[in-house]
Amino acid sequence: MKVPFSDLTFMHQEVKEEMMCKFEKVYDKGWFILGEEVRLFEREFADFCGAKYCVGCGNGLDALYLALRALDIKAGDEVIVPSNTYIATALAVTYAGARPIFVEPKWEQYNIDPLLIEEKITDHTKAIIAVHLYGQPADMDEINTIADKYDLKVIEDCAQAHGALYKGQRVGTLGDVAGFSFYPGKNLGALGDGGAVVTNNKEIAEKAAALGNYGSDRKYHHIYQGNNSRLDEMQAAFLRIKLMHMERWNQNRMETAQYFMKRIENPHIILPTIEDNRTHVFHIFAVRSQKRDHLEEYLKEHGIDTGKHYPTPIHLQGAYKELHMKAGDLPIVEEISATELSLPMYYGMTDEKREYVVGVMNEFS
């Protein structure tokens, strides 16, 4: 049996007629940048998150960059960043002119460990980025307590956690500002790139919107040195349709995750955990194994596609060689990078495929 790592077919077939109608509407109207669909999506996504403001932008990296710029993060500043995350989190800090300072994750949830943050804070530290990795919210109460103590800003990286809850509150409203990605494979994905800045702060929202539109608050009036990062009308239109279905799609992903967690029983496999007072929307179903590479090859031989998130940690990437970090400097993320494997996870996975994955996993030795 063939089990793909991700499959958008089921999702897209359900909404195909709605999407085609929306495409024709936008196409016939002939307005493709900063129009009605963007304004409506921004309002609807802000409402979904429980926030006051949403600003559409080009992608998730830009969302984090615009958030940092809107908070006046600049050259000479330091920003606390999880060592276990996709490189975009660190790149946003670098593009803002600041320096990423890596903090190790908690073993059980893979998110940044609040107990390790304070030792990395200096006079140059201005903010903490909390990544809700794989779809599970980070420990936001502890992070916000530290931020309040040291007068730091908190940015949420919600690229993998659309709709997740922390103590009954949506991610995106747990810090000063948040960045979302709508890359096609996300729980809420466009049919191309897209992103959004979400906040309850009007000043941050207005500045982020201007920065993403050439630094302009109105046509030909430029108050900042901005860039061009705008969510286009077509993607906003598609996202509006998918947003109406996303909670149901998330629920299906969580059911698949529960199926795996209850039935995979193999001493060579470490399953994910869900911490108290939060929901995990399982953008990624991450397991760990000391025999990761053997497991990957074994699953491939049985027709099961997998992924690795992430095989080389950021501090060991050539892009950050100027940090002069080496293997052994961040042992927790290095161990996770060497042992993590992501199983198939998508809306619409059939019971037959779920059962097959479980059976193959349990036979691995």
statement: Expected max-MSF residue from H315, H324, H294 in the GNM of the chain (alpha carbon, under 10 Å) is H324
- request: Set the Förster distance to 45 Å, then compute FRET efficiency between K149 and T273 from the Cβ-Cβ distance, nearest 0.05.
  value: 0.95
message: Quick check: from the Cα gyration tensor, does region 97-222 come out rounded (a/c under 1.5), prolate or oblate?
response: oblate
Sum of side-chain charges, D176 neighbourhood, beta-carbon under 14 Å (Lys, Arg +1; Asp, Glu -1): 0
- request: Multiply the residue gap between F5 and T312 by 0.36 nm, knock off their C-alpha separation, and tell me the result in nm, one decimal place.
  value: 108.5 nm
field: Among beta bridges that DSSP assigns inside region 33-154, antiparallel share in %, nearest 5
entry: 10 percent
- prompt: Rounded, prolate or oblate: which fits region 214-355 when a ≥ b ≥ c are the square roots of the eigenvalues of the alpha-carbon gyration tensor, with rounded for a/c under 1.5 and prolate only if a/b beats b/c?
  reply: oblate
statement: Share of accessible surface on carbon and sulfur in region 222-306, whole %, 1.4 Å probe and ligands ignored, is 45 percent
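Using Cα pairs under 8 angstrom and six or more residues apart, how large is the relative contact order of region 251-365, in percent?
39 percent
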task: Report ³J(HN,Hα) in whole Hz for each residue of region 266-273, in order, from the Karplus equation J = 6.51 cos²θ - 1.76 cosθ + 1.60 where θ = phi - 60°; Gly and Pro get x.
output: 8, x, 8, 10, 9, 7, x, 10
- prompt: What whole-number value in Å² describes the accessible area per residue of the chain for a 1.4 Å probe?
  reply: 44 Å²
task: At 7 Å along the Cα-to-beta-carbon direction for both D293 and R263, put a label point, then send me their distance in nm to one decimal.
output: 3.1 nm
statement: With Cα springs under 10 Å, the Gaussian network model of the chain assigns the largest mean-square fluctuation among T85, T312, T256 to T312
Amide proton proximity set for D217, modelled H, under 5 Å, gap of 5+: I223
task: Quick one: which residues, 5 or more positions from F285 or on another chain, have an amide H under 5 Å from its amide H? H modelled 1.01 Å from N in the peptide plane, none for Pro or chain starts.
output: L343
- prompt: Among bridges DSSP assigns within the chain, what percent are antiparallel (round to 5)?
  reply: 60 percent
message: Which residue fluctuates most in the GNM of the chain (Cα springs below 10 Å): M19, M345, M325?
response: M325
- request: Tabulate in residue order the Karplus-calculated ³J(HN,Hα) for region 243-253, using 6.51 cos²θ - 1.76 cosθ + 1.60 with θ = phi - 60°, rounded to whole Hz; enter x for Gly and Pro.
  value: 4, 5, 10, 5, 4, 5, 5, 4, 4, 5, 4
statement: Gyration tensor on Cα atoms of region 13-151, a ≥ b ≥ c root eigenvalues, a/c under 1.5 rounded, else prolate if a/b beats b/c, else oblate, says prolate
message: Please report the spacing between the Cα centers of region 39-103 and region 217-296 in Å, no decimals.
response: 17 Å
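The values are calculated or read from the model by the stated rules, or taken from the named source; none is laboratory data. What you see is a predicted model; the values in this text were computed from it and never measured. Glycine also receives a Cβ, built like all others from the backbone with ideal geometry; neighbour counts cover every protein chain displayed. Surface areas here come from the heavy atoms of the whole protein model, side chains and all, with no ligands, DNA or RNA. Shrake-Rupley method; radii C 1.70, N 1.55, O 1.52, S 1.80 Å.
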